[in-house]
Structures are given as structure tokens and as C-alpha cells.
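Chemist: Attaching a single structure in C-alpha cells format; questions to follow.
The values are calculated or read from the model by the stated rules, or taken from the named source; none is laboratory data. Here the structure is a predicted model, which is why all the values come from computation and not from measurement. A quick note on method: Cβ atoms are made from the backbone with ideal geometry, for glycine too, and the neighbour counts reach across all protein chains shown.
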Amino acid sequence: MSARVFVRGLVMAFQRIESIHDIRTVAFVDVSGSFAPVFKELIARFRVSKAVYKSESEALSGIPATQADIAFIGPFSTDHSIRKLSHCQQLRSSGYHGVIILLTEEISSFGGTSGITAAGFDHYLLDSDIDAQLEDSVNWAILNRRRKNKYTLQFDNNPDALFTVDSEGRVFDINQWGTDGSGLSPKMIVVGAVNVMELGTLDCFESLIRPLIVEGNAGKTFMNSVNEGERVFQVQCRVHDVSMIGLVATVVKTDITETMYTRSMDILINSVNLLSERDNYTAGHSSRVYHYCRLISQTMGITGDKKFIRDLYFAALLHDIGKIGVRDYILLKKGPLTDQEHEVLCSHSEKGFKILQNYQFLEGSIGLVLSHHERPDGKGYPQKLISEKIPFGASIISVADGFDAMTTTRPYRKPLKYEKALAEIRDNIGTQYDPDVANAFLSTVRRETLKEATEKSTAGLSALSNELIESLL
Ligand SMILES: [Fe+2]
Ligand SMILES: [Fe+2]
């Protein structure tokens, strides 16, 4: 059968198939020009937008970009059967998801049906029984589009960043979140063959994902977490062996910063709350110290430094958590402490440091917890640091802590009057308290500040912690 007869048969088949009306876009790779009559017929009779590619390179960039419902690969000749197979593979590698139909007069030179399927073609049209074959192809294309629409909805609207990459970093699929920050669209990345390492949205590829894309891992799923700046991501990586492509990883990158902060802080705040069941003072004390630290930060104009503020506020809420390791007879003792008891009580800074060092997001807070009882004159604990060696955040907590300790009832003494507490701070500037911090506090604190801090603390530590997390993210 000649090419002309084949083309005529195809034209007539198009005319007879009802479902062709559901096809919107068709692409023809027609280097020979043999299909000109088909295009003419399609344009005349149906509302089908079509694109004709007369060169292979044009087709390879154009078809993935337009995502036609069906791409017919001709010409009607078996001369270049091997090249046609590779065209199909290249179209798939370039991110074309539509139906690819091979037009041919025989299939043996392609390795039969299995060779054609293995090459990535969905169907082939032979010159015999062309009606049924075309109808099958068209129906498959319609189904494929519906399936793809559904997939696209689930994929693109997924709140996580999704990627499919091979071990070379070639991106086969990516959703909008995966492109975030790159300034490129998913289409630009897939069609333009942008390597995932150039994107900057999957920085953990080299260290975490590439080593997993190896034989033997196919079918396995791996979970990891990575920190990127201030945020924490969970990275789920499943390795697949995909025909025509080889080993790829489907990666789901989920921002777990808020969940991780909230869950970790819930556990820690619960510990502080449990401590306050034993020592009534601690929960209210932590809240008030947090408020005084905020006040000092605002007065000193340092709230713009987000990392510093985050570390300071978490440390303020948790600074005395180490007291959970101090026994009641010391913690609640009404009389003066023996030297040994005093030493145990002082160990709460180090105990707190040890508890919190298991939480990576508190990395910047643990040093402040450790040093919140240091003094500029070197008479503090646990390291007896002097002035500039004391972390600035710890100096802020120290003033806030000292003021609250003085103005609240303790098991061993009544609260100091407001003016007396201020005088105590003033008298100990440079020895117990950092001059800049203490002066900032003294310049802004009012009698009402005490009442406000107490009122705010009634909301509870958990509420304060949640409010803090919300403000940070
Ligand atoms: Fe303390
Ligand atoms: Fe304290």
C-alpha cells in the first residue's frame, strides 16, 4: 500500500470517528510532507488545533511545550525506524505526557508490538483496519487527557514540593512548589532540561538524594530531614525503575518547621508546666521573664534581628527548664541553702542546656540558657564568664530574670518593693548586670509593667509559645 492510500484511509477514519470532536490538539511529525491532506481535512471538518513539525528538532521542542493530545510520528516510511523510536524516547524524556502514535506500514522493523511499546509509543497505525486503530488511539488520548488533568490538579496543587529526578539531576517532573524561588515555571524546567542542581530548590540533592538512586534501592522509600536557613523540611524519597528512563527518585519535600516547632515546644513547655506543679513560681516566672525580654529587645531596637530574637525568646520561655532535675527539698527550701544545695540548684543552667541540646532548632538558644546566671564581674555560673564573653541574649535574660525574682514571692522571702528592685538593678550595673541591658530596662520599665507581665502570664506558657511560633513563621 502506498503512502497516499494510507493517508487517504487516515483522512476517512478521522471523518468517521465521533470522539475526534473531543480531541483539541494534534501534532504531526511529518518530515516528508506526506500528511498534508490529513491536516487539510482536519482543519476543514473539525475544530482541532494542530501543529505540523517538518523537522525533528522542531518537534522535539514544540510538542512537549504544547502538550498536544496526540502526537503522530511519521512519515509513512520505515527507512528511519530506529530514529523514530528514539524520537519517541526523546519526547518522553522532554516531559511530553500525551499519546504518541506511530504511523507505519509494517511493524517488524520496529521489533513488533513489544518493540514499539518498549520505545514509549502508545499505539501504532498500520494501513489495515485503520478505523479501529485510530478510534482506540483517540479514545486513549481523551482518557489520558482526563487522567492528566486530574493528576495535574493533585500534583500542582499539592502543598509540598514534588520532584522526579534521575541520578544526573535531570528533572522529569516538578510542581509549582518545587520551582519556588527559582523564578522558572515547571514547564520551563522540564522542557528546558534544567538540572535540579541549578534550581536551588532541592539543595539536598547531592548529599541526600543522588546516593539513593542506585540499583537495589528501587521500590524503597527513604525519609530524612534537612535544614535550609531557618526552616526544616522532611524529605521523602522513593526510588523507581521506570522503563525508558531508568532509575529515578520521586521526592516529596515538606516544610515541617511549624509542626516541628509546635510539637517540640509542646513537650518542653509541658515539662516546665510540670515543674510549676512542684514550684508554683516557675510557670509564671518564665512567662514574665519572656515579657521583660521582649520589652528590653524593643527598647534596645534589636527586634529586626529575627534569628537573635527567636533564640532569645525561646530561651526566655525555657531558661529554667533544668530545674526539673533539682529535688524538691532544695527547690522549695524555705531556709538558706547549704553550699552543696546551692551547687545543686545552680546546676539547673547546665541541666537545661543538656535537655535542650537535643532540639536542633534550639541550637541558638541553648547557650543563652547555659549562661543566664553569668555576671559581668565573673562571679556568675556555671562558667564564671566575664562581660563580653557572656552571650548578649543571656545578659538580657539575666536582667529580666533578676527583676522578676526580686519582685515575686519566693519560699525564703517576701517580694521587694518595685523601687527597691530597680535600685538593686542600678546598684549592680557592671557587676551583676550588663550596663546597656540594665539601663535599657530601667529606662522603659514602669510600675504597670509588672502588672501587665503578670496579666499576660495568665494565658499560660503553651499559649505564649504558640503565639511566639506564629509570629516567627
Ligand atoms: Fe535560672
Ligand atoms: Fe529564672
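Chemist: Can you run down the residue pairs with Cβ atoms below 6 Å, 6 or more apart or on separate chains, where the first is in segment 276-287 and over 13 Å from HIS319 (Cα atoms) and the partner is within 12 Å of ligand 1 (Cβ to nearest atom) and among the β-branched types (Val, Ile, Thr)?
Modeler: SER276/THR282
Chemist: When the residues of segment 313-323 are narrowed to those that are within 12 Å of ligand 1 (Cβ to nearest atom) and hydrophobic (A, V, I, L, M, F, W, C), which ends up surrounded by the fewest Cβ atoms within 10 Å (Cβ to Cβ)?
Modeler: In this case the residue turns out to be ILE321.
Chemist: For segment 360-391, give me each residue that is touching a residue at least 40 places away in the same chain (Cβ under 8 Å), part of a helix (DSSP H, G or I) and not aliphatic (A, V, I, L, M).
Modeler: GLN360, PHE361, SER387, listed by residue number.
Chemist: Pairs needed: first member in segment 394-416, assigned by TED's automatic domain parsing to the domain that holds ASN428 and among the acidic types (Asp, Glu); second member anywhere, within 11 Å of ligand 2 (Cβ to nearest atom) and in a loop (DSSP other than H, G, I, E, B); C-beta distance under 9 Å; at least 6 residues apart or different chains.
Modeler: Matching pairs, first to second residue: ASP401/HIS319; ASP401/ASP320; ASP401/HIS372; ASP401/HIS373.
Chemist: Can you name the residue in segment 332-349 that is touching a helix residue (DSSP H, G or I) at 6+ places or on another chain (Cβ under 6 Å) and not charged (D, E, K, R) and, of all such residues, is farthest from ligand 1 (Cβ to nearest atom)?
Modeler: VAL344
Chemist: So, one more: Hey, SER297 hits all of (1) assigned to a helix (DSSP H, G or I); (2) within 15 Å of ligand 1 (Cβ to nearest atom) but one; which does it fall short on?
Modeler: That leaves (2) as the condition not met.
Chemist: Within the group ALA421, ALA405, ALA438, which residue is within 15 Å of ligand 1 (Cβ to nearest atom) and in contact with a helix residue (DSSP H, G or I) (Cβ under 8 Å, 6 or more places away or on another chain)?
Modeler: ALA405
Chemist: Separate question: Considering only residues that are within 16 Å of ligand 2 (Cβ to nearest atom) and under 38 Å from the mean Cα position of the chain (by Cα), which ones fall in segment 375-389?
Modeler: none
Chemist: I would also like to ask the following. Scanning for something modelled with pLDDT under 90 and either aliphatic (A, V, I, L, M) or more than 16 Å from ligand 2 (Cβ to nearest atom) (or both), does segment 309-324 turn up at least one residue?
Modeler: no
Chemist: I would also like to ask the following. Could you say which residue among GLY352, GLY367 is over 25 Å from ALA459 (Cβ atoms), within 16 Å of ligand 1 (Cβ to nearest atom) and modelled with pLDDT of 95 or more?
Modeler: Within the list GLY352, GLY367, the selection yields GLY367.
Chemist: So how many residues does segment 324-355 have that are out of contact with any Asp or Glu (no Cβ under 9 Å at 6 or more places or on another chain) and part of a helix (DSSP H, G or I)?
Modeler: 15
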